[in-house]
Each structure stands twice: as C-alpha cells, then as structure tokens.
Amino acid sequence: MPLPNSLNLFKNYFNGGTRQNRFVVTGTFPSSQNDTETTASSQSANTVSPFHIRSTLIPTLQTSTVSYDFFGRKLHYPGEKLYSTWSVTVLDDFNASNLWQRFHNWQNYINDHENNSTKYATNNKGYKTSWTVQHLDLNGNTLKTFKLNGLWPRTLGELSFSHSRTNSLHTFNVVFVYDTIEIVGITQP
C-alpha cells in the first residue's frame with residue numbers, strides 16, 4: 001500500500017488542476033442602444049470581444065439566514081439569495097468596438113449625463129442583457145459555464161494615465177449588477 005504522502009499517490013488522484021488564466025467572457029450590449037461607433041465592418045457589432053476581458057472572478061453567492069428564538073436556542077433557516085457584484089478588467093482599445101465608449105453609451109442609455117433622462121423607459125426596450133464566463137481546460141474545452149442574467153454596468157472604473165508606465169497596456173474596471181447567476185450544466189437535485 002502506498003504511503004499517504006507518496007508523490008505517485010498524489011499524481012494518481014490529482015489530474016493536473018485547473019488554471020486561472022483559462023477563461024473566456026462573452027456577452028452582448030443591449031441591442032436598443034444607438035451606438036454611434038458601431039459599424040458593419042466590426043466582427044460582431046453588438047458583442048464584446050472575449051480577448052478584451054483581462055481578468056474577472058465569479059461573484060460570491062450567499063444565502064441569508066433567518067433566525068428565530070425558540071426556548072433559549074436560535075433556529076436558523078435559509079433566507080433569500082444574495083448576489084455580490086461582478087467586476088471585470090477590460091483592455092482599453094480604440095478600434096471599431098471601443099469598449100470604453102460602448103460602456104459609457106450603455107450608462108448614458110440608462111441615465112443620460114446631460115439631461116438626466118433615460119431612454120429605456122420611453123421606448124420600452126431593455127437595458128439589461130446576459131453575459132457568460134466559461135472556465136476552460138488546457139485544451140480549450142469548457143469545464144464550467146456561468147451565465148449572469150439581467151446584467152447592467154453599475155460602475156465604470158477610472159482611467160489612469162502615467163508617463164512612467166511606458167510598457168503596460170491600459171485597462172479599466174467595470175462593476176456589474178445582475179438579477180441571477182445560472183451555472184450551466186448543473187442538474188437540480
């Protein structure tokens with residue numbers, strides 16, 4: 001019988017693990033936006049390029065606790081689902097699918113900066129959409145798929161500039177809120 005700390009035993013039970021840098025984020029901007037930078041020559045005018053999302057994380061999913069006092073004890077029951085915000089770090093680019101401009105257009109669609117008005121309430125078109133995060137194995141096969149439904153950008157992060165950072169790509173953060181998260185492929189008990 002092999003020893004519990006045997007390297008061969010570890011290799012037999014551990015299949016190489018997953019990697020943090022193997023993921024793809026895909027999603028669409030609401031089709032009701034009137035993006036001025038959208039052109040027919042762009043690959044998919046309404047879709048975010050998966051190569052522009054530099055980093056992300058799967059948000060925390062928490063079930064709140066409802067507690068009751070009962071004969072000197074606390075009884076705990078599951079309450080509502082609590083969804084944390086979802087953030088991504090985006091590579092800034094200046095091509096036809098300029099994401100910084102697209103996110104600002106999305107924000108202005110929800111509430112315009114200049115006249116403090118909204119467009120989605122007047123034309124009854126949605127400002128929410130769904131985005132997907134796929135966790136990939138070393139060969140590019142999907143291990144897990146997370147779909148965030150009812151998503152819209154709450155916060156557009158700052159753009160920082162520095163003459164001392166000559167060899168780095170410019171990034172900005174976007175924080176989303178969403179209605180639900182769906183883990184695709186998991187069957188319900």
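In table form, for the structure just shown:
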item: Residues of type aspartates and glutamates that LYS147 reaches as a straight line, Cα spacing below 12 Å, ignoring anything fewer than 8 places off in the same chain; result: ASP179, GLU182
item: Within-10-Å neighbourhood charge of LEU136 [Cβ basis; K, R +1; D, E -1]; result: +2
item: Exposure proxy order (Cβ contacts within 10 Å, fewest to most) of SER164, SER67; result: SER164, SER67
item: Net charge of neighbours whose Cβ lies under 11 Å from the Cβ of LEU151, counting Lys and Arg as +1 and Asp and Glu as -1; result: +2
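Readers should treat all values here as calculations from the given coordinates under stated rules, not as data from a laboratory. Everything quoted here is computed from the prediction, not taken from an experiment. Here Cβ is always computed from backbone atoms with ideal geometry, including for glycine, and neighbour counts include all displayed protein chains.
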